[in-house]
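Each remark here refers to the structure printed beneath this line.
The values are calculated or read from the model by the stated rules, or taken from the named source; none is laboratory data. Bear in mind the structure is a predicted one, so any value in this text is a computation, not a measurement. Methodologically, a virtual Cβ is constructed for each residue, glycine included, from the backbone with ideal geometry; neighbour enumeration extends over all protein chains shown.
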């Protein structure tokens with residue numbers, strides 16, 4: 001176990017370096033001058049030069065990158081070009097808002113996906129199976145922004161059950177979490193079905209039925225646990241995709257999360273905020289993958305982590 005942790009921690013380093021280089025270069029390739037946005041449209045050439053010097057934008061790109069890395073190692077991501085506040089203060093509470101939304105979405109998607117997957121596996125090749133597969137295909141196909149607007153129209157405008165935007169109470173979490181969770185549930189449902197169909201044909205399941213165990217015990221105790229490993233893999237990967245999909249969903253629902261902050265910061269050419277936000281999301285994704293690997297061992301002690 002200790003060797004596994006050490007190896008995974010070492011693997012984090014090149015991932016974070018690669019992400020930081022990619023984001024740094026892409027930001028500097030985007031048309032637009034951050035100094036112009038900071039100084040204003042009426043700034044003179046001298047004013048722009050002073051702003052560039054103050055922001056460190058007058059230095060060559062390699063020097064700017066290594067200065068960023070040198071500060072980031074000690075947790076200093078600089079100050080926002082747009083607000084002048086420390087970057088960590090800018091992204092702190094927004095990061096946890098995104099984590100709240102992502103966790104709510106993954107719980108909603110996993111529970112709904114596993115339940116529908118079990119039902120379709122048990123009643124495979126029936127009208128229930130066909131109906132759920134058709135709905136799951138629709139859930140995968142609908143773009144998140146359209147799904148979000150559709151849910152807002154139905155549950156906020158027509159029915160008036162849920163608030164439209166913002167983050168004031170637990171009710172504000174439901175629509176954005178459902179928007180992120182429904183495509184996730186559709187994917188998990190299909191994976192759960194295919195995994196359980198395979199497991200239900202195994203010899204040990206036939207033996208359990210031959211012993212006279214009820215169908216509920218056979219499915220719950222023997223089939224589901226052994227069929228959950230592919231589901232855990234997909235759920236772990238989907239959490240990372242949910243963090244990326246939160247950019248669109250948070251914009252649609254005006255959710256004060258890190259995804260919406262990234263969109264605003266890209267528009268304002270706020271390089272430090274974008275770089276720190278993407279690095280934090282990448283690190284979060286790596287940690288989620290590590291937790292997923294540990295769940296394998298809990299589901300099946302025979303699996304050895306190497």
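Taking the listed residues 166, 181, the one that is at pLDDT below 85 and touching a helix residue (DSSP H, G or I) at 6+ places or on another chain (Cβ under 7 Å) is 166, with no other qualifying. For the residues 81, 145, 77, 68, the requirement of being more than 20 Å from the chain's Cα centre (by Cα), part of a helix (DSSP H, G or I), in contact (Cβ under 8 Å) with a residue 40 or more places away in the chain and surrounded by 13 or more Cβ atoms within 10 Å (Cβ to Cβ) singles out 68.
Of the residues in the range 197-215, none is touching a helix residue (DSSP H, G or I) at 6+ places or on another chain (Cβ under 9 Å), under 27 Å from residue 288 (Cα atoms), modelled with pLDDT of 85 or more and surrounded by 14 or more Cβ atoms within 10 Å (Cβ to Cβ).
For the range 256-291, taking the residues that are more than 15 Å from the chain's Cα centre (by Cα) and outside any helix (DSSP H, G or I), the one that is nearest to residue 184 (Cα to Cα) is identified as 256. Looking across 108, 81, 66, 74, one residue alone is in contact with a helix residue (DSSP H, G or I) (Cβ under 8 Å, 6 or more places away or on another chain) and more than 19 Å from residue 243 (Cα to Cα). It is 81.
Evaluating residue 93 against the criteria (1) in contact (Cβ under 8 Å) with a residue 40 or more places away in the chain; (2) surrounded by 14 or more Cβ atoms within 10 Å (Cβ to Cβ) leaves one unmet condition, (2). For the range 129-142, the criterion of being at pLDDT 90 or above, part of a helix (DSSP H, G or I) and buried (at least 22 other Cβ atoms within 10 Å of the Cβ) is met by none of the residues.
Scanning the range 96-123 for residues that are surrounded by fewer than 16 Cβ atoms within 10 Å (Cβ to Cβ) and within 14 Å of residue 227 (Cβ to Cβ) returns a single hit, 115.
Residues are listed down the side, and each one gets a yes or a no for (1) without any contact (Cβ under 8 Å) to a residue 12 or more places away in the chain; (2) in contact with a strand residue (DSSP E or B) (Cβ under 6 Å, 6 or more places away or on another chain); (3) within 30 Å of residue 295 (Cβ to Cβ):
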position: 6; (1), (2), (3): yes, no, yes
position: 24; (1), (2), (3): no, no, no
position: 50; (1), (2), (3): yes, no, no
position: 63; (1), (2), (3): yes, no, no
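This table checks each residue for (1) touching a residue at least 60 places away in the same chain (Cβ under 8 Å); (2) surrounded by 14 or more Cβ atoms within 10 Å (Cβ to Cβ).
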| site | (1), (2) |
| --- | --- |
| 156 | no, yes |
| 167 | yes, yes |
| 170 | no, no |
| 177 | yes, yes |
| 183 | yes, yes |
| 188 | yes, yes |
